[in-house]
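The values are calculated or read from the model by the stated rules, or taken from the named source; none is laboratory data. The model shown is predicted, which means the values in this text are computed figures rather than measured ones. Note that we place each Cβ from the backbone using ideal geometry, even for glycine, and neighbour counts take in every protein chain shown.
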Amino acid sequence: MAEQKIDLRNLKAGGFIKERGKDLFTVRLRVPGGRLSVDRLAKIAEVAQKYGKGYVHLSVRQSIELINVNFADFDTVVAELGEEQQKVASCGARVRVPTACGGCEYNPNGLVDTQKSALQVDEKLFGTATGHHKFKVCFAGCPFDCPKSAINDVGFQGAVWPRLEADACIGCGLCAKSCAEGALAMADGKPVFDAEKCIYCGDCIKVCPTGAWSAAKKGYTVRIGGKWGRRPLVGTLYATFLPEERAVDFIAAVLAWYQEKAEGAGRVRLGDIIIREGWQSLLNHLRRDFADFVVAETTAPQVIVNQIPLPSQA
């Protein structure tokens, strides 16, 4: 029998997850942004049928997992999948595969190219060791936030800031009718904008028949410090209208702060370190390179109490 090439010490970090059965593992595949070609999908199905349980599991983070793969078949499975076409995902204290919605390619609500962003992050940062815990990144194309960006360590949400050219406005009122947040109202035949109610969805721009509404700026709203699990946290706002092309650098800056501040703290998530160190520390760190986009102030990640209180004892 050929000598195994898999390093047992790094199985989980490499996406091979031990199952209940003897010598059986789940193999988690790397699917950045949740997108696969039909040909690739067919190849995965073929390998799963040959070496697995005969079905796959779609993880909550858009990965495909092959079930009941025997340890002895690891090298063959990886070889038949094709290393260049289909890499295995990572687990453990590393930057995980980024998730993303479809973005602006075909979704009428999409404001940014989330798929492109996910691929860039996957190429530059995937598998980076944090030294502390998992590190999850997510891209949502608009404020509907289908991928739930705020419960990731760093979550991005597409955003657009509208601008009105008053002379081009014909007073049709479609923008005000389309604004579900009440940020627009008609007065004297013209739309009046309440900036505090705007959630950066750009619906006013989409419905305007004359182009009077346009994008003054566009990019990502960024929330940091979220997680789910036993002790959930919701990430809070750190940047607005961050350019799409700067997402990788922004994540790298957050990761560097996390690695430094969590030194010696053991297995701890980013949000918990923010609570311990204070949001000002991270915001000041990000302000060095992203001063044009970080907010003036924010709050610590919000704790979600998900346990039902026990009845009081008599």
Hey, Glu105 under 29 Å from Lys43 (Cβ atoms) and more than 16 Å from the chain's Cα centre (by Cα) or not: yes
Residue within region 22-33 that is at pLDDT 90 or above, among the small types (Gly, Ala, Ser) and either within 25 Å of Phe135 (Cβ to Cβ) or surrounded by 13 or more Cβ atoms within 10 Å (Cβ to Cβ) (or both) present: yes
Filtered residue count, region 13-56, keeping only those that are touching a residue at least 12 places away in the same chain (Cβ under 8 Å) and at positive phi: 4
Filtered residues of region 87-101 (kept if modelled with pLDDT under 95 and out of contact with any Asp or Glu (no Cβ under 8 Å at 6 or more places or on another chain)): Lys87, Val88, Ala89, Ser90, Cys91, Gly92, Ala93, Arg94, Val95, Arg96
Region 38-65, subset in contact with an Asp or Glu (Cβ under 8 Å, 6 or more places away or on another chain) and β-branched (Val, Ile, Thr), residue surrounded by the fewest Cβ atoms within 10 Å (Cβ to Cβ): Val56
Test: residue in region 39-48 that is hydrophobic (A, V, I, L, M, F, W, C), within 29 Å of Gly155 (Cβ to Cβ), modelled with pLDDT of 85 or more and part of a helix (DSSP H, G or I): yes
Some residue of region 59-66 being under 28 Å from Ala150 (Cα atoms) and either among the acidic types (Asp, Glu) or assigned to a helix (DSSP H, G or I) (or both): yes
Those residues of region 206-232 which are over 22 Å from Arg246 (Cβ atoms), among the charged types (D, E, K, R) and surrounded by fewer than 21 Cβ atoms within 10 Å (Cβ to Cβ), in sequence order: Lys206, Arg230, Arg231
Among (1) under 20 Å from Ser149 (Cβ atoms); (2) touching a residue at least 40 places away in the same chain (Cβ under 8 Å) - the single one Asp203 does not satisfy: (2)
Counted residues, region 210-230 - those being touching a residue at least 24 places away in the same chain (Cβ under 8 Å) and not in a strand (DSSP E or B): 6
Given (1) under 19 Å from Cys201 (Cβ atoms); (2) without any contact (Cβ under 8 Å) to a residue 40 or more places away in the chain; (3) surrounded by fewer than 21 Cβ atoms within 10 Å (Cβ to Cβ), index of the condition Arg163 fails: (2)
